[in-house]
1. Return an integer: the convex hull volume of the alpha-carbon atoms of the protein assembly as shown, in Å³ per residue.
2. For every helix of n ≥ 4 consecutive DSSP H residues, a contribution of -39,500 (n - 2.57) applies; sum these over the protein assembly as shown, divide by its total residues, and give [θ] at 222 nm rounded to the nearest 500 deg cm²/dmol.
3. Defining a contact as two alpha carbons under 8 Å apart and six or more residues distant in sequence, what relative contact order in percent does region B:60-180 show?
4. Would you mind telling me the antiparallel percentage of the DSSP bridges in the protein assembly as shown, rounded to 5?
5. Relative contact order for region A:215-388: what is it in percent, counting Cα pairs under 8 Å that are at least 6 residues apart?
6. Tell me the Rg and the Dmax, in Å, that the Cα atoms of region B:214-388 produce.
7. For residue A:150, give me every one of the lysines with a C-alpha distance below 19 angstrom, ignoring sequence neighbours fewer than eight places off in its own chain.
8. In square nanometres, what is the average projected area of the Cα convex hull of chain A?
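Only the coordinates and a few stated rules stand behind these numbers; no lab work does. Just so we're clear, the structure is a prediction, and the values are computed from it rather than from any experiment. Don't worry about glycine lacking a Cβ; one is built from the backbone with ideal geometry, like all the others, and counts go over all protein chains shown.
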Number of protein chains: 2
Amino acid sequence: MIASPPLGDDVAPKRSVVVYKKNQKLRGVLSHLYQEETCTLAQLAETLYTSVPSITGVVEELVESGWVRTTGTATGNNGRRPVLFSLNPNGHYVIVLDSSTHDTCFMLVNPLRQVVFRRCVDTHLENNAQFVAFLLSFVQESIEEAAVNKDDIIGLGLAIPGLIDARRGINLTYPNLSAPNEPLTTCLEEQLGFPVYLINDSKATALGENRFGGGQGKKHALSINIDWGVGLGIILNGEVFQGASGFAGELGHIQVDPEGELCYCGKVGCLDTITSASSLVRRVQRAVQEGCMSKLAVYQNDVSQITINHVIEAAYAGDSFAIDMLHDTGYQLGKGLSVAINLFNPEIIIVDGVLAQASTFIINPIEQAITKYCLSGFRNDLTVEATQLNGAAKWLGTHAYVMENLFASI
Amino acid sequence: MIASPPLGDDVAPKRSVVVYKKNQKLRGVLSHLYQEETCTLAQLAETLYTSVPSITGVVEELVESGWVRTTGTATGNNGRRPVLFSLNPNGHYVIVLDSSTHDTCFMLVNPLRQVVFRRCVDTHLENNAQFVAFLLSFVQESIEEAAVNKDDIIGLGLAIPGLIDARRGINLTYPNLSAPNEPLTTCLEEQLGFPVYLINDSKATALGENRFGGGQGKKHALSINIDWGVGLGIILNGEVFQGASGFAGELGHIQVDPEGELCYCGKVGCLDTITSASSLVRRVQRAVQEGCMSKLAVYQNDVSQITINHVIEAAYAGDSFAIDMLHDTGYQLGKGLSVAINLFNPEIIIVDGVLAQASTFIINPIEQAITKYCLSGFRNDLTVEATQLNGAAKWLGTHAYVMENLFASI
DNA sequence: GCACTTTTGAAAAAATTTTATAAACTTTGG
DNA sequence: CCAAAGTTTATAAAATTTTTTCAAAAGTGC
């Protein structure tokens, strides 16, 4: 007698344990290759706690499916030289879309994190459905222009500012991007035909720094993204921390100056009103207009020409007014950061965004403020650094976010 | 020909993969049984992603070693009734030591989290080596009095306030407990002969709530412990969050009232100065002395008799002065908590400590402040609750911390 | 009593690890 | 400079472990 046959596809397949373990290994190999770029079978076996023959089978399968390829043999060590494996740069492309309040960039990135196509336009993030329509046509045009097979695109990551509920795929700061109760992600997925992931720009930056930048390998890190606003990205236990709804890390509306400006959020002296690059420029412009002593006084007739880069350049040229202004901003920022440090006790803080170029002019006052406002125990294991990724942290982080989510869904 | 024999114990044994996987299963079974109390083989197999025969072998081994025992069969469900397994309450005891600034408690706890022996003394935490000497003799006396075989004790967890570097085993707030550069834990371990773990009292409370209290199963939770000070415990991804050095969660010195009292830390208007139970009592006493309208005025001749319980009782009796005082405290606390909520975006906040007994009198103003000081997105998925563990959260959390660390070291 | 569930344990099947050996390369010693 | 010794990787075969399958046992409900 034969056991009752499976009742077709309507019964949950109850994935067998062996399939589960196989997928776990596939995931592990892909993740490790993505992070380490190139690897030997022995290394993979060790990190995944399995035997070499077992890993060999998994990798062979991945080579056949086009995910992995060999890249010659290692050199230098004793003994027989191992074959090196890496992800295959041909195919499995991910689109990184970076929409900020001043422009929108499309990047086609291969599994080796190389940008194979890039296209930027001035169209900036707006809180309406037309913007999403623009985004869609922009993506579709760009795909055509890049002359890439659409089937080779495995996902899209959209990095935008705002409060983002990553799981539900909606942006609460820009709620009109999609219809109410319809996630922005499903809206895009339906049109594009591949999975779409939403990530907050500062969180993407933090992830990029943690995976490929200065914070590499650190368990607990903070990254502050000083641009038109100031955004905090949090890495805890080596993962970007989202919180229950994806909103974790709202530092911008912490009060640092009880006698400061009124913020659009209704409170007074929020960090955002003081330490963003835009508010720094505004204060510089006002001071120049009022006739302060500075090299920047050449713009006194038209202070609106002064940009953040002018301020940074002036500081590097020794202009004490510019240095003082940067110092003030850094100090207030450090004061606000102290709150986050007291709560998160990170190992490293990485400064990103336009102000990162001011390096020591902004890092030193941050460190001074931390020294003053944090207990000494917190400072001992803490370093503050400017990014060394030259603005690549955000798209690198977005790519990592998409890839890691795709791997996790195997 | 025979392969060269192992070179004795001086060569690293290079734990084989199969041993690693076996230990992983042992760990998994013990952790799951500890958390769920009682389990069937099928449940264990499912949660650990293995087959039933495989788990059967692991459990049999644990039964033989005395860790696990059967507790009859399940009832109610369809089909053949499965044998139930649980941890064996005899043996594998853990000592929970709870040293606060007013007393010290010794508890002997079995793997089913039952207190088999308990002893408390008034001796309170002091920052000197004599206190450690007292602790040692107190523990040793208590073990004798409990009439338990010392070999059946597998570890000790010490819950104390202060900045605790859990990995290094030192308390930075009370640095004189052990000699400089000598961890307090190794000092105790040498004398006692079993592993000792140090944990901050508020972190222990948070862990207890997350494992066995209201926050059960929540991924991201905060617990505030309002006692003589105010302590924050953080649960992230279901684990107690320590930060890089173990100091994460220092909320007490966040400024909530720029015109408030001077704190011992040097800043003004720290949360600690406003919302701790002791400062509440102090303010009540002052107001009563100055002749406020309240049932508590009966103590006007000797305000030092007023305790926190009197204030809470008065509130329950409808005394509007007491209600207002609790309201103020809760509101300020909620204001301070808002900072943590903006950064951690938790699902639940649990109020512990003596003030938890004031339930709605303290919960409502906390919620009001959160509504005012947090963006709406943060509030929607957030609940605020008083503990339902009646003060057991701290020792339960300490026990869980020890057990989970011991399991992890298998 | 019969149909249906679920657990349990033994045997068969499959997968994985370990062991052994060959291959590829570096270093050392004559 | 070449051969021998020592390393390390790759792969095939053996040993072991683990999973799957199957049938029996122990229940519920109609």
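1. Details: hull volume 198.1 nm³, N = 820.
Output value, Cα hull per residue: 242 Å³.
2. Details: 26 runs with 332 residues, N = 820.
Computed ellipticity for the protein assembly as shown at 222 nm equals -13000 deg cm²/dmol.
3. Working: 188 pairs, mean separation 26.4, N = 121.
Averaging sequence separation for qualifying contacts and normalising by length gives 22 percent for region B:60-180.
4. Numbers: 62 of 104 bridges.
Among the beta bridges of the protein assembly as shown, antiparallel pairing accounts for roughly 60 percent.
5. On the way: 310 pairs, mean separation 40.1, N = 174.
This gives 23 percent for region A:215-388.
6. Over region B:214-388's Cα set, Rg and Dmax evaluate to 16.3, 52 Å.
7. Counting by Cα, and skipping residues close in sequence, residue A:150 has no lysines nearby.
8. Details: hull surface 108.6 nm².
If you wrap the Cα atoms of chain A in a convex hull and average its projections, you get 27.1 nm².
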